[in-house]
Amino acid sequence: MSMVEALREALAEEMRRDSSVIVMGEDVGVLGGIYRVTQGLLEEFGPERVRDTPISEEAFMGAAIGAAVTGLRPVVEIMYADFLANCMNQIVNFAAKMRYCSGGQLRVPVVVRTMVGHGRGHGGDHSQVPMTWFMNIPGLRLVAPSTPYDAKGLLKTAIRDDSPVLFFEPHLLYRVRGPVPEEEYTIPFGRADIKRRGEDVTIVAVSAMVPRAVEAHERLREEGITAEVIDPRTLNPLDIETIVESVKRTNRLITVEYSPKTGGVGAEIAALVVERAFDYLDAPIIRVAAPDVPVPVSPPLGRMTVPTVEEIVEAVEALL
Amino acid sequence: MAPSLDEMIQMYRKMLEIRRFEEAIADLYHRGEVPSSAHLYIGQEAVAVGVCSALRRDDYVLTTHRGHAHNIAKGVSMRRLAAEILGKATGLCKGKGGSMRASSLADGVVYACPIVGSNIPIAAGVGLSIKLRGTDQVVACFFGEGASNIGDFHEGINLAALWRLPVLYVCENNLYALSVSQRRSTLVEDIASRASAYGIPGVVVDGNDVLAVYEAARRAVEDARGGRGPTLIECKTYRWLGHHAGDPGFAYRPKEEVEAWRERCPIKRFRRVLLSRGVTEEELASVEEEVEEAVRDAMDFALESPYPGPEELLRDVY
């Protein structure tokens, strides 16, 4: 099934299992979400639990927080991750901090589902992949699935978690299909998935960059190079142990993301690896990332802001 | 329905607790015992007490950076509140929130939101949770007139109105947003008039008259419990002191204005009402003495309490 269908199943199953789970956001009810993730939920669960909101991110994010600290488990949809900027105050100053600043009195079980990296001409303020905005905010969990299987299992874990979770759904992979079992399962946070085994280089790829890294692995194999491909799946908590263990074997690291390079996921992972495995590195760490520009609309320019399989292959070749 | 005489004496006690508590915190602040700023409520006591007296124990409150009073009015322990303000381990939030975030969920004070206006949407969410859980609780959300120009005010009240949520939006109009007077930030005279933009009732009351505040809150509570949605209550009042304990508050306000409002002290005024209803000087004097003692005890408790140990630093993040 597609990632959209997997997410929809996760939501429906959790809403059936727990009546405190509610869904709200722009166009999530009657329309079923502009990506159709929430399609059918209004019909099954009714308008009290599936709420179309005004275009008012700060309000419904705040409302989700207020509902969460008094007994509900809201799942909020932010249509484009860019719009997280519209409710940054509620997420950063309240969701992330209320547990700590109340001395543990409050729990904030909110899930914020959002779409990242539209990738098709939507321009600078409708295309961002802003996981890194939140990486230095203690108190948040950050989830970035790359397969339907992971999306479903991680969303169920997110809904059951007592901390606020930002759940980044890659537009580029919404319609890509993959196996999802019939039976119930969840995926714990903080456990990376080794997508391909390899000995020559470790590639840590995030979100929609994971399938590109896997494809790079296949091409490199034809040249006799084996690349280990790791998908961290959650950026907070980050399974740095799996990455470090891999680098100790391969002695080389490449990170791949489609956020701007400066202050990115790659920067953090590189720093952690240098701290923990400096002596094992045989080459500089390379960060493959978006250039430090807003995403332009014009197709040939826009394409240059999303790393390609070729760029990943070239980065590996440059290292070896 | 007016409160009984016993309830009124209780209200007087709460107002006095707030006054004495804030005076004691100001004193500790000037002695360097308060690790943060402290935004004091002196002069506004009738608002917190009038509203909270119309609430049930299981109702909720969301307060602000100027929130000691709402905690006291809702029945939170003054000992643990004072300890929180001093950053002590015995504080309501283990000393991690301090003066501006002091709150006690067990007493219904959900949180104190020190970013102006941010509690307005959060209160809508508390209202939503009440509605979906099917209880008949209500939530009172306090903020100043300064909050009425931020997006959260408009977005949050619109949402609460749209979904007919059981929320009392209580604007404590003390005329100044830090140093900027209402006249210099807002063209409308009454913040309550903005309620019409969201299709809900807006009420203006004398915020120094505790019985008037109580009556306005009682009606709003009745509407909220009855599923008729939120009310915006604007209480006209005045903050006697500066924006916080370290601000003398005279750089931007004429002395005569401050003096004129001090003449309209909500506590003295209510005291006269109680005497006129037959409460004796002796009864009031004994309340006053008990309050002094309770506040002294709270401050002693806070001062003697230990700070949290280093093991607390990384706790309660997730």
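Select, from B:Gly91, B:Gly134, B:Gly87, the only residue that is under 22 Å from A:Ser19 (Cα atoms) and small (Gly, Ala, Ser).
Working: B:Gly91 fails: under 22 Å from A:Ser19 (Cα atoms); B:Gly87 fails: under 22 Å from A:Ser19 (Cα atoms).
From the options B:Gly91, B:Gly134, B:Gly87, the qualifying one is B:Gly134.
Pairs, please: C-beta under 7 Å, at least 6 apart or cross-chain, first residue within 18 Å of A:Ile65 (Cα to Cα) and in the range A:1-24, second buried (at least 21 other Cβ atoms within 10 Å of the Cβ) and among the aromatic types (Phe, Trp, Tyr)?
A:Met24/A:Phe60
For the range A:1-24, what are the residues that are surrounded by 15 or more Cβ atoms within 10 Å (Cβ to Cβ) and either among the small types (Gly, Ala, Ser) or under 23 Å from B:Trp163 (Cβ atoms) (or both)?
A:Ser2, A:Ala6, A:Ala10, A:Leu11, A:Ala12, A:Glu14, A:Met15, A:Ser20, A:Val21, A:Ile22, A:Val23, A:Met24
Just wondering, is there one or more residues in the range B:259-277 that are out of contact with any helix residue (DSSP H, G or I) (no Cβ under 9 Å at 6 or more places or on another chain), over 26 Å from B:Gly43 (Cβ atoms) and modelled with pLDDT of 95 or more?
No: the range B:259-277 contains no residue that is out of contact with any helix residue (DSSP H, G or I) (no Cβ under 9 Å at 6 or more places or on another chain), over 26 Å from B:Gly43 (Cβ atoms) and modelled with pLDDT of 95 or more.
Which residues, counting only those in the range B:94-111, are part of a helix (DSSP H, G or I) and at the interface with another protein chain (Cβ under 7 Å from one of its Cβ atoms)? Full working, then the answer.
As a first pass, look at the range B:94-111 and keep what is part of a helix (DSSP H, G or I): B:99-101, B:105-107.
Matches in the range B:94-111: B:Arg101, B:Leu105.
So which residues in the range A:163-185 are surrounded by fewer than 15 Cβ atoms within 10 Å (Cβ to Cβ), out of contact with any strand residue (DSSP E or B) (no Cβ under 9 Å at 6 or more places or on another chain) and either within 14 Å of chain B (Cβ to nearest Cβ) or not aromatic (Phe, Trp, Tyr) (or both)? If you could, list the steps in order and put the result at the bottom.
Initially, the range A:163-185 is screened for residues surrounded by fewer than 15 Cβ atoms within 10 Å (Cβ to Cβ), giving A:175, A:177, A:179, A:181-185.
Within this subset, residues satisfying the condition of being out of contact with any strand residue (DSSP E or B) (no Cβ under 9 Å at 6 or more places or on another chain) are A:179, A:181-185.
Selection gives A:Pro179, A:Pro181, A:Glu182, A:Glu183, A:Glu184.
Considering only the range B:57-76, state which residues are more than 17 Å from B:Val213 (Cβ to Cβ) and away from chain A (no Cβ under 14 Å).
B:Arg57, B:His68, B:Gly75, listed by residue number.
For the range A:108-162, enumerate the residues that are out of contact with any strand residue (DSSP E or B) (no Cβ under 8 Å at 6 or more places or on another chain), among the hydrophobic types (A, V, I, L, M, F, W, C) and within 14 Å of another protein chain (Cβ to nearest Cβ).
Once the filter is applied, which keeps residues that are out of contact with any strand residue (DSSP E or B) (no Cβ under 8 Å at 6 or more places or on another chain), among the hydrophobic types (A, V, I, L, M, F, W, C) and within 14 Å of another protein chain (Cβ to nearest Cβ), the range A:108-162 yields A:Val108, A:Ile137.
If A:Gly117 passes every condition in (1) on the phi > 0 side of the Ramachandran plot; (2) over 12 Å from the mean Cα position of the chain (by Cα) but one, which one does it miss?
(2)
Filter the range A:25-44 down to the residues that are in contact with a Ser or Thr (Cβ under 9 Å, 6 or more places away or on another chain) and among the small types (Gly, Ala, Ser), then identify the one that is surrounded by the most Cβ atoms within 10 Å (Cβ to Cβ). I'd like the intermediate steps shown before the answer.
Of the residues in the range A:25-44, the ones in contact with a Ser or Thr (Cβ under 9 Å, 6 or more places away or on another chain) are A:25-29, A:31-32.
Next, from what is left, pick out any that are among the small types (Gly, Ala, Ser): A:25, A:29, A:32.
Working: A:Gly25: 28, A:Gly29: 22, A:Gly32: 18.
Checked the range A:25-44; the qualifying residue surrounded by the most Cβ atoms within 10 Å (Cβ to Cβ) is A:Gly25.
Please enumerate the residues belonging to the range A:62-78 that are outside any loop (DSSP other than H, G, I, E, B), at the interface with chain B (Cβ under 7 Å from one of its Cβ atoms) and among the aliphatic types (A, V, I, L, M). I'd like the intermediate steps shown before the answer.
Our first condition is that a residue be outside any loop (DSSP other than H, G, I, E, B); within the range A:62-78, this holds for A:62-69, A:73-78.
Those still in the list that are at the interface with chain B (Cβ under 7 Å from one of its Cβ atoms) too: A:62-67, A:69.
Hits for the range A:62-78 are A:Ala63, A:Ala64, A:Ile65, A:Ala67, A:Val69.
Scan the range A:290-314 for residues that are touching a helix residue (DSSP H, G or I) at 6+ places or on another chain (Cβ under 6 Å) and closer than 19 Å to A:Phe134 by Cα and jot them down.
The answer is none; no residue qualifies.
Outside any helix (DSSP H, G or I), within 9 Å of chain A (Cβ to nearest Cβ) and touching a residue at least 60 places away in the same chain (Cβ under 8 Å), is that true of B:Lys88?
Details: outside any helix (DSSP H, G or I): yes; within 9 Å of chain A (Cβ to nearest Cβ): no; touching a residue at least 60 places away in the same chain (Cβ under 8 Å): yes.
Considered against the rule, which asks whether it is outside any helix (DSSP H, G or I), within 9 Å of chain A (Cβ to nearest Cβ) and touching a residue at least 60 places away in the same chain (Cβ under 8 Å), B:Lys88 comes out as no.
Is there any pair linking a residue in the range A:65-79 that is over 15 Å from A:Ile91 (Cβ atoms) to one that is assigned to a strand (DSSP E or B) and of a type in the set (Phe, Trp, Tyr), with Cβ under 9 Å and at least six apart or on different chains, and which?
Within 9 Å, the pairs are A:Thr70/B:Tyr60.
Return the residue satisfying two criteria in turn: it lies in the range A:93-107 and is touching a residue at least 12 places away in the same chain (Cβ under 8 Å) and within 7 Å of another protein chain (Cβ to nearest Cβ), and of such residues it is surrounded by the fewest Cβ atoms within 10 Å (Cβ to Cβ).
Of all residues in the range A:93-107, those touching a residue at least 12 places away in the same chain (Cβ under 8 Å) come to A:94-100, A:106-107.
Cutting the leftovers down to within 7 Å of another protein chain (Cβ to nearest Cβ) gives us A:94, A:98-100, A:106.
On the way: A:Phe94: 28, A:Met98: 26, A:Arg99: 23, A:Tyr100: 21, A:Leu106: 23.
Here the answer is A:Tyr100.
Identify the single condition in (1) more than 30 Å from B:Val317 (Cα to Cα); (2) in contact with a strand residue (DSSP E or B) (Cβ under 7 Å, 6 or more places away or on another chain) that A:Arg233 does not satisfy, given that it satisfies every other one.
Among (1) more than 30 Å from B:Val317 (Cα to Cα); (2) in contact with a strand residue (DSSP E or B) (Cβ under 7 Å, 6 or more places away or on another chain), the lone unmet condition for A:Arg233 is (1).
Just to be sure I understand, how many residues within the range A:79-131 are outside any loop (DSSP other than H, G, I, E, B) and modelled with pLDDT under 95? Please lay out each step first, then the result.
As a first pass, look at the range A:79-131 and keep what is outside any loop (DSSP other than H, G, I, E, B): A:81-95, A:98-101, A:111-116, A:130-131.
After this cut, where a residue has to be modelled with pLDDT under 95 as well, the list is none.
Counting residues in the range A:79-131 that are outside any loop (DSSP other than H, G, I, E, B) and modelled with pLDDT under 95 gives 0.
Only one of these is farther than 25 Å from A:Thr242 by Cβ and in contact (Cβ under 8 Å) with a residue 12 or more places away in the chain: A:Pro294, A:Pro307, A:Pro300. Name it. It would help to see each step written out before you state the result.
On the way: A:Pro307 fails: farther than 25 Å from A:Thr242 by Cβ; A:Pro300 fails: in contact (Cβ under 8 Å) with a residue 12 or more places away in the chain.
Matching residue, one of A:Pro294, A:Pro307, A:Pro300: A:Pro294.
The values are calculated or read from the model by the stated rules, or taken from the named source; none is laboratory data. For clarity, every value in this text was computed on a predicted model and none was experimentally measured. Cβ coordinates were reconstructed from backbone atoms using ideal geometry, including for glycine residues, and neighbour counts include every protein chain displayed.
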